[in-house]
Structures are given as structure tokens and as C-alpha cells.
Amino acid sequence: MIERDDMTFPFEEYQNRLTALRERMKERLLDAVIITDPENIMYLTDYQTTGYSFFQALIVPLDGEPFMVTRHLEESNVYARTWVEKTRPYEDNGDAIQRLVGSLKESGLAKASIGYERNSYFFPAYHQDRLRTAYNGGHLLDCFGIVEEGRIRKSPAEIEVMRKAAHATEAGMQAGLDAVAAGVTENEIGAAISNAMFRAGGEPPAVMPYVTSGPRTMIGHATWEGRRVEPGEHVFLEVGGCYRRYHTAMMRTAVLGDLSPSMERAQSRMLEALQRVESAIRPGLTVSDADNIVRDIISDNDDEGVLITRSGYSIGIAFPPSWDEGYIVSLMQGVSTTLKEGMTFHLIPWVWGVDGNKTVGISDTVYVTADGCKSFFTMDREFTLKPEGNAASGSGAANVDKIEDARRRAAKKDIQKSGE
């Protein structure tokens with residue numbers, strides 16, 4: 001290992017992660033593991049690239065020096081970012097799996113028991129088939145989850161990095177809410193959010209913000225497509241800020257005009273659900289119990305709005321195509337996982353289908369403490385209400401002044417922060 005002081009976390013943090021991984025390897029009787037999940041590779045080494053669609057792997061022996069197999073171009077990220085000393089790159093026209101198998105044999109692992117992440121998005125079936133065919137001297141075993149066991153609980157240093165992501169999340173969300181007006185396009189709202197996030201120190205997130213208005217809010221995971229916001233409509237926003245690949249996320253809703261009784265009740269249920277579940281979260285509570293709290297409150301309504309998804313998910317390191325760690329643990333029925341200090345969750349008591357044609361959301365990202373939980377955010381949770389007269393000038397033209405004002409205020413907030 002190369003000891004260096006320019007990584008996201010202190011060198012000792014990576015040493016501790018590697019030591020803990022090897023302890024789990026011993027428990028599973030593994031001589032080595034092949035780690036292909038981009039989030040797991042980064043967790044262990046600080047390695048990142050947008051080129052992870054090409055095969056890449058971190059090989060960690062129980063004893064001996066870890067090494068990486070990467071596309072030749074990506075080898076520069078190993079040297080620039082990580083503590084890893086040994087690499088085995090392959091050319092664009094080379095054979096990645098043959099390079100992997102050859103490297104295992106070179107490292108004395110020709111007849112070893114080796115774990116691999118069978119469920120990794122970026123270790124496709126055809127690569128796994130080739131590995132099983134080419135590596136015929138030892139045993140290949142599924143070790144999916146062996147790194148995630150460490151990732152699920154964030155260290156104090158990770159919590160601090162997520163606070164920086166939260167600063168970007170809040171800056172983007174506030175700019176987006178400020179930009180909402182009749183006549184403004186969803187694209188312009190998205191631009192205001194993105195500009196503010198990045199000016200606040202945020203880095204490219206795993207998913208760009210979700211911005212939908214009016215009836216388009218009923219489309220799952222839709223975002224801006226040029227639609228203009230009409231008077232009296234509502235706008236649904238979900239923003240995931242990122243710093244060093246760590247994310248925090250929040251949902252908010254803006255309404256042009258007064259709240260209808262059904263929208264007011266939906267807001268009340270979401271606020272109550274967040275308050276109740278955050279009061280209950282503590283080490284020892286199961287994720288199923290937390291989900292029940294949210295689901296029971298959201299389901300108690302006469303307005304047809306429902307919670308059609310899980311009520312929360314683990315969040316932290318992420319690469320596209322998703323900002324969540326929900327595959328590690330999600331808040332939903334039948335999951336007996338217990339909460340532990342250091343876990344981080346995006347809680348999403350959102351309501352789909354108010355009045356049959358509106359989706360609204362209020363959410364929070366929290367971390368579990370020794371005796372409860374705390375939010376990463378300080379923003380107001382209530383719907384942002386804007387008078388009917390709040391419209392873009394110029395016959396549906398973009399509300400440029402409002403967007404620029406949001407940018408200036410985000411920049412001013414950054415200057416104030418830096419002076420604290």
C-alpha cells in the first residue's frame with residue numbers, strides 16, 4: 001500500500017476498511033476476493049472513473065498485496081487517486097478476463113478459493129461464464145455483500161463528507177424552489193438547481209435532479225422535458241447532492257397558489273410521517289418497523305394518494321445509474337435488518353396520486369446516532385407556496401430574473417459559509 005495524504009479520507013481509514021474486509025474473508029474461508037462493483041472499489045481504495053462500463057476489478061488476497069485489473073486508460077486513476085501499487089492493465093482490444101485469470105495465477109492464487117460479486121451490475125453474465133471456464137484450478141464462490149457489510153455503517157469521517165453533499169443538496173433545492181413560477185420551463189428550474197449545486201461545491205451526482213410539473217409528476221422517475229409550468233400547478237423536485245461520490249437527497253414540492261384541502265392533507269401526512277419515524281429511529285429498531293410507521297400514516301387518507309414504493313433506503317457512495325444504496329438495505333415490509341449507529345437513510349414518505357393526478361413529496365436524509373437519528377438538512381419541509389400572480393414575464397418566457405436571483409443568493413451563501 002502507498003501511504004498518501006491526498007485521498008478523500010485519512011490513510012488509516014482505508015487500512016481499517018481493508019482489515020475488516022479480510023476478517024470477513026476469513027469467516028467465509030476465502031483466499032481472495034474479486035471486487036467489481038464501482039462503489040465497493042471506491043470504498044476500499046478511493047478509485048473512481050466514469051469508464052466503469054469497461055471491466056475493472058480489485059483483487060484482495062487474504063495475504064499479500066491487492067492489485068487492480070483495469071482498462072489501460074483507467075490505470076491513470078489508480079495512480080492518481082489510490083493507495084494501490086500493483087496494476088495489471090489490458091488494452092482496448094485485449095482480453096480483460098484472460099488478464100484477470102493470468103494475474104490470479106501470477107499471484108499464487110491458481111488453486112485458491114476465490115469470492116466474486118455475482119450480483120454486481122458491472123460483472124455481466126458473459127464475463128462470469130468466461131471466468132468460470134478459464135479459472136479451472138480453484139473454486140469460485142459468490143461473495144456478494146462482503147464489502148457492503150462494511151459500507152452500511154458510515155464512519156464519522158464519512159458523515160462529514162455527506163454533510164458537504166448535503167450543503168450542495170440544499171443549495172440546489174432552494175434555487176429550484178426559488179425558480180418555480182408560471183411560464184418557467186422545467187429545464188430552467190433544472191438549470192437553476194444544477195448551477196447552485198455545483199457552485200456550492202457539489203460534484204456530478206449519480207442522477208441529475210428530478211423536476212416535473214402538473215400532470216407529469218405522475219410519471220415515475222421523470223425529469224425535465226421542456227414543459228412550461230402553468231398557473232395554479234404544482235412542481236415536484238427531488239435533488240441528490242454529491243461530494244466525492246457520497247450523496248444525500250431530498251424531495252420538496254412547490255405550489256402556485258393556495259393549497260386545496262386534499263393537498264393540505266397530503267402535506268400534513270408526510271410531515272407527520274417524517275416526524276414520527278425520525279422520533280422512533282434508533283439502534284435496534286428494524287427497518288420493517290420503520291416502514292410500518294411511515295406506511296400506516298401515508299395510507300390513512302381519503303384522497304387516493306398512496307405510498308407505492310419502499311419508504312426509505314440506505315444512501316452513501318453511488319455511481320450512475322442510481323444514487324441510492326437500497327440494494328444493501330431498504331425500508332420495506334418483511335425486512336428484519338436492525339438499525340445500527342452510523343447507518344444513513346433517505347426517508348421518502350411521498351404521496352403518489354393525490355386527487356388522482358398529482359404526486360407530491362417531502363423527504364429527508366438522516367444518520368442513525370447512538371440513541372436516535374439526526375437530519376443532514378436544515379431547510380423548511382412545508383410546501384413552498386407561491387401566489388397566483390407569480391408568473392414569468394413576456395408571454396410564457398423564462399423567468400430569467402428569478403433564476404439569476406437564485407444563483408446570486410446561492411453564491412452569496414457559499415461566500416458566507418467560507419467565511420465561517
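The values are calculated or read from the model by the stated rules, or taken from the named source; none is laboratory data. Being a predicted model, the structure only gives us computed values, none of them experimental. Cβ atoms come from the backbone with ideal geometry, glycine included; neighbour counts cover every protein chain shown. The accessibility values were calculated without ligands, DNA or RNA, using every heavy atom of the protein model including side chains. Shrake-Rupley method; radii C 1.70, N 1.55, O 1.52, S 1.80 Å.
Within the range 193-220, the set of residues being out of contact with any Gly (no Cβ under 8 Å at 6 or more places or on another chain) and under 11 Å from Thr359 (Cβ atoms) comprises Tyr210, Thr212, Ser213, Gly214, Pro215, Arg216, Thr217, Ile219, Gly220. Looking across Gln56, Gln48, one residue alone is more than 25 Å from Gly138 (Cβ to Cβ), surrounded by 18 or more Cβ atoms within 10 Å (Cβ to Cβ) and among the polar types (S, T, N, Q). It is Gln48. Scanning the range 275-315 for residues that are among the acidic types (Asp, Glu), in a loop (DSSP other than H, G, I, E, B) and buried (at least 16 other Cβ atoms within 10 Å of the Cβ) turns up just one, Asp303. When the range 15-53 is filtered for residues that are in contact with a Ser or Thr (Cβ under 7 Å, 6 or more places away or on another chain) and not in a loop (DSSP other than H, G, I, E, B), only Thr45 remains. Checking the range 290-303 against the condition returns no match, with no residue being in contact with a Cys (Cβ under 8 Å, 6 or more places away or on another chain), among the basic types (Lys, Arg) and within 26 Å of Asp371 (Cβ to Cβ).
The set of residues from the range 209-235 being surrounded by 17 or more Cβ atoms within 10 Å (Cβ to Cβ) and of a type in the set (A, V, I, L, M, F, W, C) comprises Val211, Trp224, Val229, Val235. Checked against the criterion of being modelled with pLDDT of 95 or more, farther than 21 Å from Gly232 by Cα and open to solvent by less than 40 Å² (accessible area, probe 1.4 Å), the range 178-190 has no qualifying residue. Within the range 1-29, residues that are open to solvent by 50 Å² or more (accessible area, probe 1.4 Å) sit with their Cβ atoms under 9 Å from residues that are hydroxyl-bearing (Ser, Thr, Tyr) and assigned to a loop (DSSP other than H, G, I, E, B), at 6+ positions apart or across chains, in these pairs: Ile2/Thr82; Asn16/Ser155.
Within the range 74-85, is even one residue surrounded by fewer than 18 Cβ atoms within 10 Å (Cβ to Cβ), among the basic types (Lys, Arg) and more than 25 Å from Thr133 (Cα to Cα)? No, the range 74-85 contains no residue that is surrounded by fewer than 18 Cβ atoms within 10 Å (Cβ to Cβ), among the basic types (Lys, Arg) and more than 25 Å from Thr133 (Cα to Cα).
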